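Below you'll find the structure, written out as structure tokens, and then a few comments.
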Amino acid sequence: MGLWDTFLGLGAGSKKNSSAAQKERRNYLIEEVTANIFFKQLAVQTSVNLIAKTLARCEFKTFDRGKAQKGELYYNLNIQPNQNQSKTAFLNDLVSELVFSDEGALVVQTDDMQLLVAESYQRNKHAVIPNSYQYVSANNYNFKRTFYEQDVLFLELNNKQIRTTIDGLYDSYGKLISGAIKNYNRKNAKKLVLNISALFDQEFSKYENEEDEAAGITEGDKKIDDLMTNRFKNFFSDGDAVATMEEGLSLDDFSNSDTKNAFTSRDIRAAVDDVIDLVAMAFHIPRGLLKGDVADISQLTNNFLTFCINPIVEQIENELNRKLFTKEEYLAGSRIKISTDKIKSFDYKDIAGSMEVLVRIGAFSVNDVLEFLGKERIDEAWADEHIITKNYAEIEKYLKGGDEE
């Protein structure tokens, strides 16, 4: 017997195991599971999506002996890692595996140079020989080969227990949210008492047929059933309604009228906000950014990049460089550099002064500025030249004074 059947079968052989009691226990368990799954998933999945979308705005720059190159590797990393996914979809799968997998995120490369995020695998750790990966499955395809450390990209969170930590923190809050929902429904529900007088019992005490008599169902029982299941249905709807009742029946309202201590949906939202705050703390995401606050958005974004995105970017960059290039190639300037410059949105007028300074000191050419702004480069030699304004000079020349020309 499974856990579900055991739970529903509590009190077997007694009134506690009636169909009504089983239904009540079933609804209770569903509410508990729903609260413990969906609210936590809301916070965690929102964090995953935010991280993945932010990483998708990064540019994977490829360099060959110190010179920027845009070839097949650049296209695979920035546009289409594999034939069925865009860069954004690929990174979303990567971050999801990074968070939800017990081991970490594994990326394998097919024979035709496609990158795939593994859905499942077995990792065999070794001390002095390369780790191996068996039973790798990606996009419902099971690889029959064994991958070795040099053949794959393997990423893991700095805090490998982040998912366990979130689950542990949520155990209490899941019960709190579930209890808050029940209290809200209980405090705000209509509670009426149906009074049945002796006059009604005398008037409708007869049986309509022999079957009803054998079952002990009187005319009064049927009228009350009809009243509860049909006539009161519209009466408790949102709109105006009228319900008729036989003589001898009356209603007393025992609903909670204490508006001062009334339980509102804001109490539930407050508990959900606490869960979001805990998850944001675990991922090092500013809480205001995860909730969509617009106040001080610039500072929130800076903190998000510094404490959440940059560590992940550095890990991906290091893994790509150590797996795709030899030691000699890397030292010679061949590498991949992930640029986060385009993550933050900006207005041209806000950065015009900074761009002007970078051009003036020779750090940027005109084409460098255009590329940074996402504009097309100018196909002219002068647009690639770096210039320095005349008032900049070496310290020795400045100390001599005057112009040498």
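The values are calculated or read from the model by the stated rules, or taken from the named source; none is laboratory data. Every value quoted in this text rests on a predicted model; they were computed, and no experiment measured them. Cβ: placed from backbone, ideal geometry, glycine included. Neighbour counts: every protein chain shown. Heavy atoms of the whole protein, side chains included, go into the accessibility calculation; ligands, DNA and RNA do not. Shrake-Rupley method; radii C 1.70, N 1.55, O 1.52, S 1.80 Å.
Points to keep in mind about this one:
- List 291, 87, ordered by accessible area with a 1.4 Å probe, largest first: 291, 87
- Cut-off 13 Å between beta-carbons: net charge of the residues surrounding residue 68, Lys and Arg +1, Asp and Glu -1: +2
- Of the peptides 350-361, 276-287, the order by per-residue mean of other Cβ atoms within 10 Å, starting with the highest, comes out as 276-287, 350-361.
- Using a probe radius of 1.4 angstrom, the carbon and sulfur fraction of the accessible surface of the range 303-356 is 51%.
- Calculated FRET value between residue 332 and residue 273, using beta carbons and R₀ = 51 Å, to 0.05: 0.45
- Other residues lying with their Cβ under 15 Å from the Cβ of residue 129 contribute a combined charge of 0, Lys and Arg counting +1, Asp and Glu -1.
- Taking amide H as placed 1.01 Å from N in the peptide plane, residue 138 has its amide H under 5 Å from the amide H of 119, 143, each at least 5 places away in sequence or on another chain.
- Proximal charge balance of residue 211 [Cβ under 15 Å; K/R count +1, D/E count -1]: -4
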